[in-house]
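Accompanying notes for the structure given below.
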Amino acid sequence: MSVSESFVVMAKPVGPICNLECGYCYYLAKTGLFPRGEHFRMSSEVLESYISSFIAASPGPTVHFGWHGGEPTLAGIEFYRQVVEAQKRHQPAGWRCLNNIQTNGTLLDEQWCSFLAEQHFAVGLSIDGPASMHDASRPDRHGRPTHERAMRGLRLLRAAGIEPDVLCTLNALTAAHPREVYRFFLDQNVQWVQFLPVVERVPGGGVSERSVTPEAMGEFLCTVFDEWVRYDLERIGVQNFLECFLVVSGKPANLCVMSKTCGQVLAMEHDGSVYSCDHFVDPAHRLGQVTSHGLADLVTSPRQVAFGKAKHDALPDRCRECPVGFLCHGGCPKDRFSNRAEGDASLNYLCDGYQRFYSHILPYLARMASLARQGRPIFEITAELEAAEHEDRVRWQVTGRNDPCPCGSSRKYKQCCLLTRRR
């Protein structure tokens, strides 16, 4: 039985096992769900059941498989050869299966990249910006830095003809350096990047020191957007901005975090256990077992439907009255807690940051949407901003190193904005 609306499964062939030990990773602790001595590897039986069930549940004719972890390349190339073979056996005539793998890139070699290219895998690569920031958060299991290995993975993927999408977390460190992080990806000629906020709750309330604050997240996204919309619209895609553009243009968001309801992104562990969401892999949100339950039945089950609707039904009044609430619908339910002394405790922890970010970018996105409706390229906004801000740009261009900084800080230009502002 297929379902009328497509859904996603984040399949984890080695469960939460990873060769890295990222400080902010919420998934490494999921080993605690399994008994001592667990063999963290998806069996042929589970794989076969998953692929046949997912294809049967899909409206087709294209079926998108996502492989996550932990670190999914730990399953080995032969596992993914089995994946491709099973997909070919089960897909109806005229259908096709596409695969996406999210990796830290450190285990990639020429053989891996050749296979991924031959089988047309899309690749997501996790890199937290420059080496100093990446290595501070993403050491391997022995505490060693991994940035160079991740960058080698990027080079090998490109040599094989694959341009990966990059995922960069916004944690306490990266969020404090918006221009440095963003320009690092520009310098690496990255074509697509997503900035993902880290919110790590701790026992007793509050968040860890690794977590991004709402204020830092808002400042980061606004700063990067201001550069992107003026200089880089044709150079790099930033998912955080382009998803907002979709919504402002009257189209549905692809990201569940921005959708009115959720529940269409399931998680499946290596043993075939299916959960409501990757952020809710716990006994209370276990929906069933893929070897004995069809995925179509699980995603449409009353429990999962109620889980998805709760995002909207549990919205606090402030969200319902918010002028930019249509862009986030209260954000991810996992972050529906507030450290505020006053107000609704169910308000999203990141609310103040989202409000600042969405309010800041909305006028620009509205103009871009207007251009698109007229059949004109959205990057025409860059020239419009250039003309509107010409006088201000000239003022910056004629400022000498030892002159007072035009930003009004009273410091010399060379000691203030010279290294951070593009002319």
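For segment 267-383, what does the alpha-carbon gyration tensor say about shape, rounded, prolate or oblate, given a ≥ b ≥ c as the root eigenvalues, a/c under 1.5 as rounded, and a/b over b/c as prolate? Let's see the in-between values first.
Values: a/c = 2.90, a/b = 1.57, b/c = 1.85.
In terms of gyration-tensor shape, oblate.
How high is the relative contact order of the chain? Use alpha-carbon pairs under 8 Å, at least six apart in sequence, and give a whole percent. Present the calculation step by step, with values, prior to reporting the outcome.
On the way: 685 pairs, mean separation 63.6, N = 423.
Taking the mean separation of contacting Cα pairs over the length of the chain, I get 15 percent.
Is the shape of segment 130-256 rounded, prolate or oblate, going by the alpha carbon gyration tensor and its root eigenvalues a ≥ b ≥ c, with a/c under 1.5 for rounded and a/b larger than b/c for prolate?
Oblate is the answer for segment 130-256, as a/c is 1.5 or above yet b/c matches or exceeds a/b.
Of the residues 75, 122, 387, which exhibits the maximal mean-square fluctuation in a Gaussian network model of the chain defined by a 10 Å Cα contact cut-off?
387
Which whole-number percent is the relative contact order of segment 168-303 (Cα, under 8 Å, 6+ apart)? The partial results should precede the final answer.
Working: 138 pairs, mean separation 23.7, N = 136.
With pairs under 8 Å counted, the relative contact order is 17 percent.
Extension gain residue 312-residue 191, at 0.36 nm per residue separation less the Cα-Cα distance, in nm?
Numbers: separation 121, 0.36 × 121 = 43.56 nm, distance 3.34 nm.
Working it through step by step, the gained length comes to 40.2 nm.
Over the chain, with a Gaussian network built from C-alpha contacts below 10 Å, which listed residue (34, 326, 379) shows the highest mean-square fluctuation?
Result for the chain, Cα springs under 10 Å: 34 fluctuates most.
Normalised by the number of residues in segment 258-337, what is the relative contact order in percent for Cα pairs under 8 Å and 6+ residues apart? Could the numbers behind the result be given before it?
Values: 95 pairs, mean separation 27.7, N = 80.
Result for segment 258-337 is 35 percent.
Skip the ligands, DNA and RNA, and give the accessible area per residue of the chain with a 1.4 Å probe, whole Å². Walk me through the numbers before you get to the answer.
Values: 19390 Å² over 423 residues.
I get 46 Å² per residue for this part.
The values are calculated or read from the model by the stated rules, or taken from the named source; none is laboratory data. Just so it is clear, the structure is predicted and the values come from calculations on it, not from any experiment. With ligands, DNA and RNA removed, areas are computed over all heavy atoms of the protein, side chains included. Shrake-Rupley method; radii C 1.70, N 1.55, O 1.52, S 1.80 Å.
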